[in-house]
Amino acid sequence: QLVESGGGLAQPGTSLKLSCAVSGIQFDSYIMAWYRQAPGKEREWVADIAPGDSATYLESVKGRFIISRDVWKNTVYLQMNNLKPEDTAVYYCSLSFSDSRTLWGQGTRVTVSS
């Protein structure tokens, strides 16, 4: 089970940190990712972190967002800095198994507005 938290209302230029707690699975052997879905748009990949902690990012968030994992807490984080109104979306975390199955969380809403 994946449970996201940390969303909310933020002003442009500020920061939020999202968390994704993983239960029932020792997640450090799998790729963990964050996706987002803005109103009226398709869900898009934002960032992922592989075993060994190599991370990749959507171009529009590179330099602003940081994905990390804490294997002791079985939790993945997305530190979002310098937020922009276009970052407004529901953010989902996912866990990808080697057989292509994917687990999803329920999502946490982020609204960036002044």
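Couple of notes before you dig in:
- Just the protein heavy atoms count here, and of the accessible area of the chain at 1.4 Å, carbon and sulfur take up 50 percent.
- For region 25-114, relative contact order (Cα pairs under 8 Å, six or more residues apart, normalised by length) works out to 28 percent.
- Restriction of the GluC sites (Glu not before Pro) in region 24-105 to DSSP coil positions whose beta-carbon has at most 12 other beta-carbons within 10 angstrom yields GLU42.
- Comparing PHE65, PHE97, PHE27 in a Gaussian network model of the chain, where Cα atoms under 10 Å apart are tied by springs, the biggest mean-square fluctuation is seen for PHE97.
- Largest-first principal axis extents, alpha carbons of region 17-84, Å: 33, 24, 17
- The residues of the chain expose, per residue, 53 Å² of accessible area to a 1.4 Å probe.
- Over the chain, volume per residue of the alpha carbon convex hull, in Å³: 95
- Fully extended contour minus Cα-Cα distance, from GLU86 to GLN26, at 0.36 nm per residue: 18.3 nm
- Computed from label points 7 Å out along Cα-Cβ, the spacing between SER100 and VAL71 is 2.9 nm.
- Loop-resident sites, region 1-59, for trypsin sites (Lys or Arg not before Pro), counting at most 13 other Cβ within 10 Å (DSSP): LYS41
- Full extension of the chain segment joining SER113 with GLU42 gains 23.5 nm, where the gain is 0.36 nm per residue of separation less the Cα-Cα distance.
- With Cα atoms as the point set, the radius of gyration and Dmax of region 54-106 evaluate to 12.7, 36 Å.
The values are calculated or read from the model by the stated rules, or taken from the named source; none is laboratory data. What you see is a predicted model; the values in this text were computed from it and never measured. No Cβ is skipped: glycine too gets one built from the backbone with ideal geometry, and neighbour counts run over all protein chains shown. For accessibility, only protein heavy atoms count, side chains too; no ligands or nucleic acids. Shrake-Rupley method; radii C 1.70, N 1.55, O 1.52, S 1.80 Å.
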